[in-house]
1. Name the residue, out of G74, G174, G243, whose mean-square fluctuation peaks in a Gaussian network model built on the chain with Cα pairs under 10 Å.
2. If contacts are Cα pairs under 8 angstrom and at least 6 residues apart, what is the relative contact order of the chain in percent?
3. Summarise the accessible area of the chain (1.4 Å probe, protein heavy atoms) by the percent that is carbon and sulfur.
4. Where does each of R123, R36, R196 land when they are ordered by accessible area, with a 1.4 Å probe and the largest first?
5. Could the peptides 376-389, 261-274 be put in order, highest first, of the mean number of other beta-carbon atoms found within 10 Å of their residues?
6. Got a sec? Charge dipole of the chain, +1 on Cβ for Lys and Arg, -1 for Asp and Glu; which of A82, A366, T38 is way out at the positive end?
7. Choose one of A229, G206, I288: the residue whose Cα lies farthest towards the positive end of the charge dipole of the stretch 202-317 (beta-carbon charges +1 Lys, Arg; -1 Asp, Glu; about the Cα centre).
8. Mind scanning K356/K381; K306/K381; K306/K356; K356/K377; K125/K304 and naming the pairs with a C-alpha gap bigger than 26 Å?
Amino acid sequence: MPATIDPAATAWLLAATAMVLLMTPALAVFYGGMVRSTGVLNMLMMSFIAIPLVTVVWLVAGYSLAFGDDAGGGLIGNLEHAGLAGIDPGSVRGSIPELLFVTFQLTFAILTAALVSGAIADRAKFAGWMVFVPLWTLAVYAPIAHWVWGPDGWLLDFGALDYAGGLVVEIASGASALALALVLGPRIGFNIDAMRPHNLPFVLLGAGLLWFGWFGFNAGSALGATGTAAAVFLNTLVAGSLGMLGWLIVEQLRDGRPTTFGAASGAVAGLVAITPSCGVINTLGSVIVGLAAGVVCSFAVGWKHKAGYDDSLDVVGVHFVGGIVGTILIGLLATEVMTGGVNGLLYGGGFAQLGKQIVAVLVVAAYAFTVSFVIGKGIDKVIGFRVSKEDETAGIDFALHAETAYAEGVHGSSPRRFGEGHYGGH
């Protein structure tokens, strides 16, 4: 009997796909608020340019490499769908149009590439970033997506669980971000100057829009308007909430006051951690995952100062570490009510699933870091990946885009141009 399209599932996934695409502009605003005022436009552009760049390579080969039939060993898909060959409006994947599945997965790839940019804020050449994104999508994202979600992917067959992208999105982007941070080196003034976010309302707005999109990201991964989608939706809300509370509790106890920046970061940390586990744990599990991520990530963002790597916007501390927390906790908290068979350690399943999750984390992190480092080094050797000291000091918005976000500087960090006088005077 030929597969048929489920109109309800299709309608939900159409909406979810639009929600996930919104996450990339939301990330742009979130990241844009976190940088200094002289680099905000560049930060916005690094996210926005990922949309067309990833779209082109996804249609040409990315989708087929990730979700085409396995080409051997569970390592990569074949090129049967290169250029979307063989896929038309009548093609069905499960109970939805395959063209919609292509688009839904494309929005994941776009966001994942954009996430990496936060680690190299304020110092990367835009041309270097435009070369990195397509190469990274084909060499890092597509293979990992195939391992975890593709037909006969080796991590899927191995039994590792990743419902909506802890391995494919969060750990892959976090490990890649660390690699690029090491390739480019620290910003001028790192560990000396404060480098505070220039616009905290932007950060909170971006976090709120990300949270909205995350419901499409996670619940959309159910690929249907089902009870599982409803459970995933609730788990996503709960984990984001507990992540925020966990981070703020740490700030209150450690620093004596909770911050808006901490609230935004904590919510995102909780959402990151629930991404892999949202469809395999119950609501109590989402409380534990969100709280654990909020607490752990609030400490992890400070590791860069001790270790000496300059992860500008805490992609490593939030996405990499949060992704690890959520992925490994599946080994403890998975329940057969959600998985349909697999139980974690705390539900009588023994250590087997925990071991599988740890192996998957190590392999994906090592692969993403190594390949991203090689790509980044290659770009740096050929065209240069870092702006000049003069451009970095003066502000990369004007140097790279001939624009500035503000007529006057914010916090005195933007050079005055075109003969402006002193602030507020003549």
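The values are calculated or read from the model by the stated rules, or taken from the named source; none is laboratory data. The shown structure was predicted, so the numbers you read here are calculated from the model rather than taken from an experiment. Positions of Cβ are generated from backbone atoms using ideal geometry, with glycine treated the same way; all protein chains shown enter the neighbour counts. Just the protein is used for accessible areas: all its heavy atoms, side chains included, with ligands, DNA and RNA removed. Shrake-Rupley method; radii C 1.70, N 1.55, O 1.52, S 1.80 Å.
1. G74
2. Details: 890 pairs, mean separation 95.4, N = 426.
After rounding, I find 22 percent.
3. Details: 11080 of 16140 Å².
Reported share for carbon and sulfur atoms: 69 percent.
4. Details: R123 0, R36 55, R196 170 Å².
Result of the area sort, largest leading: R196, R36, R123.
5. Taking the mean over residues of other Cβ atoms within 10 Å, the ranking is 261-274, 376-389.
6. Going by the Cα projections, it comes out as T38.
7. Ranked along the dipole, the leading option is I288.
8. On the way: K356/K381 38 Å; K306/K381 28 Å; K306/K356 31 Å; K356/K377 32 Å; K125/K304 22 Å.
Table pairs above 26 Å Cα-Cα are K356/K381; K306/K381; K306/K356; K356/K377.
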